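The values are calculated or read from the model by the stated rules, or taken from the named source; none is laboratory data. On a predicted model such as this, the values are computed, not experimentally measured, just so you know. Note: ideal-geometry Cβ built from the backbone for every residue, glycine included; neighbour counts use all protein chains shown.
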Amino acid sequence: MEGNGKSIVEKVTAGLENVGLGYFHTGEGSEYDDYYLYFNDPDFETRKCALAEFTVMLGNWHEKCSFAFNPQHERKFIGSYSPNEPSHELNNYVEAFVTHHEQIEKNFPVMYEYIIRFLIQIEDNHKYSYEVWFPEVDAELFKRLRESILMPKRRVVDNPTDIKYFLKEAGIPPFFKGDFIE
């Protein structure tokens with residue numbers, strides 16, 4: 001159990017229940033937690049939910065409806081940065097994803113694909129690199145991400161898997177008739 005007595009599964013299940021209605025356009029998200037710590041959790045459901053939350057955070061960012069990952073320098077500039085206030089730090093999620101990517105791909109191939117697609121397209125759409133966007137993060141981390149995962153898997157951008165398979169794999173209830181898998 002994490003803060004407030006809720007497990008990762010409970011937080012994510014409650015937080016993402018409406019993603020089936022609006023996909024990544026809703027800005028849906030779960031109660032704060034360090035979800036990246038659970039990318040390799042021995043419990044399958046906990047691992048699945050942590051990855052579902054990360055995928056949705058990236059999907060919301062990709063669709064520009066919410067931004068879970070704001071660079072520290074931007075938060076400091078607008079006065080919303082506090083080292084004592086929890087915040088999703090992109091470097092923690094990228095490090096955990098790079099470290100566990102083979103197991104993630106094996107257990108959750110659709111979420112793995114969505115994460116890769118979002119990471120590629122977010123950077124491509126903004127026309128500048130993560131290194132420029134997040135100068136507080138060691139550039140080697142983004143280099144490792146690109147070289148070990150994004151570049152070899154770039155093909156996923158061209159042929160995305162239908163959203164209904166993401167919803168099923170992530171355990172998010174579908175809303176639209178066409179999103180149910182027969």
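Does residue 134 satisfy the criteria of being at pLDDT 90 or above, aromatic (Phe, Trp, Tyr), in contact with a helix residue (DSSP H, G or I) (Cβ under 8 Å, 6 or more places away or on another chain) and over 18 Å from residue 156 (Cβ atoms)? Spelling it out, it is not the case that residue 134 is at pLDDT 90 or above, aromatic (Phe, Trp, Tyr), in contact with a helix residue (DSSP H, G or I) (Cβ under 8 Å, 6 or more places away or on another chain) and over 18 Å from residue 156 (Cβ atoms).
Filtering 4, 84 for residues that are modelled with pLDDT under 70, over 28 Å from residue 124 (Cα atoms), in a helix (DSSP H, G or I) and out of contact with any Leu (no Cβ under 9 Å at 6 or more places or on another chain) leaves a single hit, 4. Going by the structure shown, is residue 9 closer than 21 Å to residue 173 by Cβ, of a type in the set (A, V, I, L, M, F, W, C), in contact with an Asp or Glu (Cβ under 8 Å, 6 or more places away or on another chain) and modelled with pLDDT of 85 or more? Judged against the criteria, residue 9 is a match. Here residue 63 does not qualify as at pLDDT below 80 and surrounded by fewer than 17 Cβ atoms within 10 Å (Cβ to Cβ). Within segment 15-66, the residues that satisfy the criterion of being in a helix (DSSP H, G or I) and out of contact with any Phe, Trp or Tyr (no Cβ under 8 Å at 6 or more places or on another chain) are 15, 19, 22, 23, 24, 25, 37, 38, 44, 45, 52.
Residue count for segment 100-145 under the criterion of being buried (at least 18 other Cβ atoms within 10 Å of the Cβ), over 19 Å from residue 162 (Cα atoms) and free of Cβ contacts under 8 Å to residues at least 40 places away in the same chain: the result is 1.
Say whether the condition of being hydrophobic (A, V, I, L, M, F, W, C), under 23 Å from residue 41 (Cβ atoms), modelled with pLDDT of 90 or more and not in a helix (DSSP H, G or I) is met by at least one residue in segment 91-105. No, the conditions are met nowhere in segment 91-105.
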